[in-house]
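The block underneath contains the structure these notes are about, expressed in structure tokens.
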Amino acid sequence: MSGMRVRAGVLLLVLAAVTACSDTPVGPEDSTSGPPGQDAPTTEAANPPGQDQSLPEVTRQDMLQIWWDERGLEGPPEQVDLIREVSDTEYMPVQAECLTAVGFPPEVSGDSYTWEVPAAQSEAFTLADYRCAAQYPRLLAYSQPYTDEQMTLIYNWVAEETIPCYAEQGHHVSGMPTLESFLEHYRTTQTWWLPKDGMDPITFEEQEALELVCPRLPPQEVLYGE
């Protein structure tokens, strides 16, 4: 979860219901060395699916550790039983329902969910948030490393859809790596080159707005063959 901050004694958390294949993927970003010929671009950590022969499978225990660490909780992760996996469209409504059941109802506005939690309850909220994420996670298949085939789909999507879309919005992108470099960089780091790495800097808000119009990933039915 992101957007958490303490202000005037209140823990404020604002989340938008997004799918794994729209804005993000739903994954953090690293500043690392990019493919050959690139000047240390910002690349995006892989959050979803598939399975490359050279990349280990992500287990539920791995995800428990990730969710635990993301929330800044200390010690080994609490073991939580899985109730059921949910789709991307279900995820935020189900999380909101789960947190409401344990005393933390959100304010809902469109596809945004806002929790205002007294600072004295912040630790309880953080633990409840972890438990709900662990009880009703997204499909584990979407947390697996991408296969070469999926990364090729992403590469072609960026080249044929995202970059032309950026150009239509007035943002010229240059320096896209070759497919071979793109794949090799992902196999090595599980990060990949993003269109914003090849354009003039813009603000975070401008980038968010741009990605709503020009998604960085193909639709799930394309990426997963659904």
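With respect to (1) charged (D, E, K, R); (2) part of a helix (DSSP H, G or I); (3) loosely packed, with under 15 Cβ neighbours inside 10 Å, the lone exception for Arg84 is condition (2). Mind checking which pairs have a first residue in region 88-117 that is assigned by TED's automatic domain parsing to the domain that holds Asp129 and a second that is at pLDDT below 90 and not in a strand (DSSP E or B), Cβ under 6 Å, 6 or more apart or different chains? From residues that are assigned by TED's automatic domain parsing to the domain that holds Asp129, the pairs are Asp88/Thr19; Asp88/Ala20; Met92/Ala17; Asp111/Ala17. Taking the criterion of being among the hydroxyl-bearing types (Ser, Thr, Tyr) and within 22 Å of Leu55 (Cβ to Cβ), the residues of region 168-214 that qualify are Thr178, Ser181, Tyr186, Thr188, Thr189, Thr191.
The values are calculated or read from the model by the stated rules, or taken from the named source; none is laboratory data. Source: prediction; values computed, not measured. Ideal geometry is used to build each Cβ from the backbone, glycine not excepted, and the neighbour counts take in all protein chains shown.
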